[in-house]
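Structure first, then comments.
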Amino acid sequence: MKHSAPSAKALVPFVSVETMMKLVHHIGIEPMLRGLADYIEQDFRRWELFDKTPRVASHSAKGVIELMPTSDGEVYGFKYVNGHPGNTRQGLQTVTAFGLLADVGNGYPVLLSEMTILTALRTAATSAMVARHLAPKGADTMAMIGNGAQSEFQSLAMKAICGLRSVRLWDIDPAATRKAANNLRGLGLDVHVCNSAEAAIEGAQIITTCTADKQYATILTDNMVGAGVHINAIGGDCPGKTELAPAVLLRSDIFVEYPDQTRIEGEIQQLPSDHPVTQIWEVIAGRKPGRTSTGQITLFDSVGFAIEDFSALRYLRDAIKGTDLYMELDLLADPDDPRDLFGMLQRAAP
């Protein structure tokens, strides 16, 4: 028996990887990064409205798979994301993701999207949005230590949102640095390839660390970090994975997204559980000070939090309105009688 086409109630907007790339080029990557940063900042200002829980993580010897849920009471969102550092040796991405928004009132999904590209964009937008609040005034040079998939996004977000003019690249793998340098040239930044982490830090007011190895690493030692810099530490994002020497943490004023998650996954897992930190939303909302002196070392111990993904999906839902940059996915059953799901199934028999 031939069945009718899905009704409007069955269809959910879906943004594929191909369509996401078209959308980024349609909007422009720097305007999109600024837009994402604005949405993230808006949601940080209403932080207290959201459900908050550390992400649900399933760890293995090869990596981690995580679910990141939140809701503002009207819209629910979650992201599925993995982190598998060894994937690149098999020609696979270290991080992949997808996400969903739903209407809290009826539970129906209202958007499904790829989030591998969107996560890269929102991570960079979050870093730069925070740096706008914490970095030294007039900061225009960044050391980018770790030149994997996130490095270009970080660099462009700092340019678009903070006025970065120069980026100094270093990675333990010279091929990664060459890749990042080639991608960034011609995009309005002075790009410098460095032969060590120490060289990359020379003259940088912002230091971003973004390495992938799942271990207690020491990317920044105490003697590498001078007074007055802002450290954007984004590589430590699961238990047993850090990048900074504990002495660097002890010299810094530390800002975090959600302490309950960061103490498990972030750089501060190396410190006592009562070590003082400031939630970055409190700085953005004007409740706590950020940078208070020129000699202060500020550290954003970023692990990524569900509200940032919620903001990114909220931005995406608005951005695709009035465009054809999505497809309609037949995702939900819609029987003529809501109680007759079985009858719908039977009527669809061939």
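Here are some notes:
- Taking 21 Å as the straight-line reach from the Cα of K62, the lysines in range (excluding those fewer than 8 positions away in the same chain) are K79, K214, K241.
- Euclidean distance between Cα centres, the stretch 236-310 to the stretch 321-350, Å: 45 Å
- Between the Cα long axis of helix 17-27 and the first principal axis of the chain there is an angle of about 60°, rounded to the nearest 10.
- Scattering from the stretch 124-304 was approximated by placing one identical point on each alpha carbon and applying the Debye formula without solvent; log10 I(q)/I(0) at 0.12, 0.17 1/Å stands at -0.49, -1.02.
- Antiparallel DSSP beta bridges within the chain, as percent of all bridges there, nearest 5: 50 percent
- Net charge of neighbours whose Cβ lies under 10 Å from the Cβ of M144, counting Lys and Arg as +1 and Asp and Glu as -1: -1
- A simple count of charges around V12, restricted to other residues whose Cβ falls under 15 Å of its Cβ and scoring Lys, Arg +1 and Asp, Glu -1, yields -2.
- Cα-based reach from K159 at 17 Å (exclusive), listing lysines while leaving out same-chain residues under 8 positions away: K137
- Label-point separation, L250 to N106 (7 Å along Cα→Cβ), nm: 5.9 nm
- Cα-based reach from K9 at 20 Å (exclusive), listing lysines while leaving out same-chain residues under 8 positions away: K321
- C-alpha long axis of helix 29-45 to longest principal axis of the chain, angle in °: 90 degrees
- Long-range HN-HN contacts of T211 with modeled amide H, under 5 Å: G235
- Entry note, the stretch 38-101: relative contact order of 23 percent, from Cα contacts under 8 Å with a spacing of 6+ residues.
- Computed packing ranks the peptides 108-118, 57-67 as 108-118, 57-67, most packed first, by mean other Cβ atoms within 10 Å.
- Extension gain, S196 back to I264 (0.36 nm per residue minus Cα-Cα distance, nm): 21.5 nm
Any read-out appearing in this document is the output of simple, stated calculations on the displayed coordinates, not a laboratory observation. Predicted model, so just to flag it, every value in this text is computed and none were measured. We place every Cβ from the backbone using ideal geometry, glycine too, and count neighbours over all the protein chains shown.
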